[in-house]
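Visitor: Got a structure for you, questions after.
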Amino acid sequence: MNLPAARSQPLGELIARLAALHPKRIDLSLDRMHRLLERLDHPERTLPPVIHVAGTNGKGSTIAYLRAILEAAGLRVHVYTSPYLVRINECFRIGEEGGGKLADDAELRRVLEHCEQVNAGEPITIFEMETAAAFCLFAEHEADVVLLETGLGGRLDATNVIDRPIATVIAPVSMDHMEFLGSTLTAIAGEKAAIIKRGTPVICAEQAPEAMSVIEAQATRMRAPMHAAGQQWHVGVERGRLVYQDERGLMDLAAPRLFGRHQFDNAGLAIATLRAIEAFKIGMRAFEAGIVGAEWPARMQRLVAGALVDQGPKGCEIWLDGGHNAEGGRVAAAALGDLEERVSRPLVVIAGMMANKDAGAFLANFAGLTRHIMAIPIPGRDNAMPPDRLADAARALGMRVENAGSVDAALHALSRLAYEVPPRILITGSLYLAGHVLDINGTPPG
């Protein structure tokens with residue numbers, strides 16, 4: 001598909017113009033997507049083979065492992081993920097030999113403006129436009145596989161126009177976005193499971209029983225072979241190494257570089273996915289290299305250099321995690337518990353959240369690890385939770401809370417305290433906050 005050359009224009013201005021095409025940022029429907037793709041001559045039908053990934057937590061990390069393993073095997077991998085942390089370019093990775101690259105401003109400008117022109121001013125959400133642009137971009141470039149992450153839910157998500165993926169993947173499902181997906185885990189699992197396609201292998205992470213029953217029922221309806229954690233495959237930790245087992249045998253691999261026990265589960269989900277796809281013949285060296293080499297920013301990421309690192313107490317550790325729901329808080333807290341067992345330090349949590357999140361359910365995970373919470377705003381987000389409201393949720397849990405005007409201010413305040421042992425600081429509560437932190441720290445994703 002050859003698209004016209006882009007006009008010179010700042011990307012931010014273009015994104016703002018596209019976002020104004022629909023009064024809502026989120027309006028789940030496939031009608032607008034089908035209309036635009038038909039006008040674009042269906043780029044989604046000429047894509048390389050697609051692995052479609054849904055779930056509440058762990059989608060991005062699982063995709064990071066999939067990409068790293070596939071690239072270690074010498075394959076070219078297109079990747080579409082969301083949301084971005086600092087630059088929209090992070091959502092669009094173009095596969096090349098020897099590893100992919102993020103789409104540059106000129107490429108994105110060109111495909112987004114083409115989609116805008118073809119859409120002809122009709123109502124459409126920004127995510128739908130970005131997804132259509134990803135399909136156009138990926139259809140232009142040869143690759144061996146596309147890794148496609150759902151944006152929100154699955155059934156009515158803009159990515160759910162792929163009729164014949166080579167695999168569908170369901171990462172852990174938990175309570176989030178209830179205003180769009182339903183108020184029960186069963187309802188939310190039903191939305192996620194709707195990406196399962198007839199006859200296509202579905203690889204599923206360990207789930208709560210009510211979620212698993214919904215996913216299994218959908219797989220049965222679609223006659224989709226099921227590969228479920230704890231049933232068809234198993235992953236665990238033995239002597240600090242990742243041990244994976246299925247009917248084809250056992251794999252003993254080095255531990256993931258990404259930190260936290262949950263990353264063994266995400267890595268196992270990626271391994272199970274690639275072993276379920278008959279077209280791929282991935283060798284042990286590629287699995288090992290991919291598990292060790294995968295990177296995914298703002299998921300229990302240690303900040304070791306940058307503008308913010310020097311602002312905290314001398315000798316402190318600063319960790320960044322974009323978790324924002326109860327389950328995301330649980331896995332971050334578990335990772336902090338592992339760190340505490342290795343090297344004990346006082347813990348301070350600097351938190352900023354969006355207004356539609358359950359701050360109490362999120363912060364409750366840290367109640368046994370720290371009594372010190374610092375509540376901050378999220379810059380540039382009108383629908384961010386006011387720090388006073390976040391602080392009230394922490395106080396209700398018996399935590400000591402201070403408000404600060406920014407991440408910088410919070411770190412400065414901590415640097416003035418007298419610590420016998422330099423503290424461990426976790427900045428968390430929102431991917432928007434995580435993106436802001438990486439930006440002002442001078443360490444954006446590459």
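Visitor: Out of all the residues in region 60-77, which are buried (at least 24 other Cβ atoms within 10 Å of the Cβ) and under 16 Å from the mean Cα position of the chain (by Cα)?
Guide: If the condition is that a residue be buried (at least 24 other Cβ atoms within 10 Å of the Cβ) and under 16 Å from the mean Cα position of the chain (by Cα), then Ser61, Thr62, Ile63, Ala64, Tyr65, Leu66, Arg67, Ala68 are the ones that fit.
Visitor: Shifting gears a bit: Can you tell me which of Ala418, Ala393 is over 18 Å from Met300 (Cβ atoms), exposed (fewer than 15 other Cβ atoms within 10 Å of the Cβ) and more than 25 Å from the chain's Cα centre (by Cα)?
Guide: When all the criteria are applied, what remains is Ala418.
Visitor: When region 427-446 is examined, which residues are found to be open to solvent by less than 10 Å² (accessible area, probe 1.4 Å) and assigned to a loop (DSSP other than H, G, I, E, B)?
Guide: Gly429, Ser430 - these are the residues of region 427-446 that are open to solvent by less than 10 Å² (accessible area, probe 1.4 Å) and assigned to a loop (DSSP other than H, G, I, E, B).
Visitor: Continuing with the same structure: Considering only region 307-356, state which residues are under 17 Å from the mean Cα position of the chain (by Cα) and over 20 Å from Ile440 (Cα atoms).
Guide: Hits for region 307-356 are His324, Asn325, Ala326, Glu327, Gly328, Gly329, Arg330, Val331, Ala332.
Visitor: Pull up region 269-289, narrow it to residues that are outside any helix (DSSP H, G or I) and either more than 20 Å from Cys204 (Cα to Cα) or in contact with a Leu (Cβ under 7 Å, 6 or more places away or on another chain) (or both), then point me to the one that is most open to solvent (accessible area, probe 1.4 Å).
Guide: Lys281
Visitor: Within region 161-196, which residues are assigned to a loop (DSSP other than H, G, I, E, B) and under 26 Å from Glu71 (Cα atoms)?
Guide: Hits for region 161-196 are Val161, Ile162, Asp163, Arg164, Pro165, Ile166, Ala171, Pro172, Ile195, Ile196.
Visitor: Separate question: Looking only at residues in region 203-213 that are among the aliphatic types (A, V, I, L, M) and in contact with an Asp or Glu (Cβ under 9 Å, 6 or more places away or on another chain), which one is surrounded by the most Cβ atoms within 10 Å (Cβ to Cβ)?
Guide: Here the answer is Ala205.
Visitor: Kindly evaluate Gly99 against the criterion of being crowded, with 20+ Cβ neighbours inside 10 Å, modelled with pLDDT under 95 and not hydroxyl-bearing (Ser, Thr, Tyr).
Guide: No; evaluated as a whole, the condition is false for this residue.
Visitor: Could you check region 359-390 and list, in sequence order, the residues that are touching a helix residue (DSSP H, G or I) at 6+ places or on another chain (Cβ under 6 Å), over 27 Å from Arg25 (Cα atoms), open to solvent by 20 Å² or more (accessible area, probe 1.4 Å) and of a type in the set (A, V, I, L, M, F, W, C)?
Guide: Matches in region 359-390: Leu369 only.
Visitor: Could I ask something else about it? Among the residues of region 197-223, how many are in contact with a Pro (Cβ under 9 Å, 6 or more places away or on another chain) and either closer than 16 Å to Ala54 by Cα or not in a loop (DSSP other than H, G, I, E, B) (or both)?
Guide: Residues that pass the stated criteria total 10.
Visitor: Further, regarding this structure: Would you be able to say whether some residue in region 116-123 is open to solvent by 20 Å² or more (accessible area, probe 1.4 Å), part of a loop (DSSP other than H, G, I, E, B) and closer than 27 Å to Ile69 by Cβ?
Guide: No, the conditions are met nowhere in region 116-123.
Visitor: For region 23-52, name all the residues that are charged (D, E, K, R), closer than 21 Å to Val111 by Cβ and in a helix (DSSP H, G or I).
Guide: Arg32, Arg35, Glu38, Arg39, Glu44, Arg45
Visitor: Quick test for you: out of Arg25, Arg39, Arg45, pick the one residue that is modelled with pLDDT under 95 and open to solvent by 60 Å² or more (accessible area, probe 1.4 Å).
Guide: Arg25
Visitor: Please work out which residue is farthest from Gly95 (Cα to Cα), limiting yourself to region 127-144 and to residues that are open to solvent by 10 Å² or more (accessible area, probe 1.4 Å) and not small (Gly, Ala, Ser).
Guide: Phe127
Conditions tested, residue by residue: (1) open to solvent by less than 30 Å² (accessible area, probe 1.4 Å); (2) within 22 Å of Glu278 (Cα to Cα); (3) modelled with pLDDT of 95 or more; (4) in contact with an Asp or Glu (Cβ under 8 Å, 6 or more places away or on another chain).
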| residue | (1), (2), (3), (4) |
| --- | --- |
| Ala217 | no, no, yes, no |
| Ala228 | yes, yes, yes, yes |
| Gln231 | no, yes, yes, no |
| His234 | no, yes, yes, yes |
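Visitor: Of Phe280, Phe264, which residue is closer than 28 Å to Ile166 by Cα, modelled with pLDDT of 95 or more and either out of contact with any strand residue (DSSP E or B) (no Cβ under 8 Å at 6 or more places or on another chain) or not polar (S, T, N, Q) (or both)?
Guide: Result: Phe264 is the single residue among Phe280, Phe264 that is closer than 28 Å to Ile166 by Cα, modelled with pLDDT of 95 or more and either out of contact with any strand residue (DSSP E or B) (no Cβ under 8 Å at 6 or more places or on another chain) or not polar (S, T, N, Q) (or both).
Visitor: Being outside any loop (DSSP other than H, G, I, E, B) and either more than 14 Å from Ile51 (Cβ to Cβ) or not hydrophobic (A, V, I, L, M, F, W, C) (or both): is that true of Ala158 here?
Guide: For Ala158, the condition - outside any loop (DSSP other than H, G, I, E, B) and either more than 14 Å from Ile51 (Cβ to Cβ) or not hydrophobic (A, V, I, L, M, F, W, C) (or both) - is not met.
The values are calculated or read from the model by the stated rules, or taken from the named source; none is laboratory data. Please read these numbers as outputs of a predicted model, since none were measured by experiment. Cβ coordinates were reconstructed from backbone atoms using ideal geometry, including for glycine residues, and neighbour counts include every protein chain displayed. All accessible areas refer to the heavy atoms of the entire protein, side chains included, with ligands and DNA or RNA removed. Shrake-Rupley method; radii C 1.70, N 1.55, O 1.52, S 1.80 Å.
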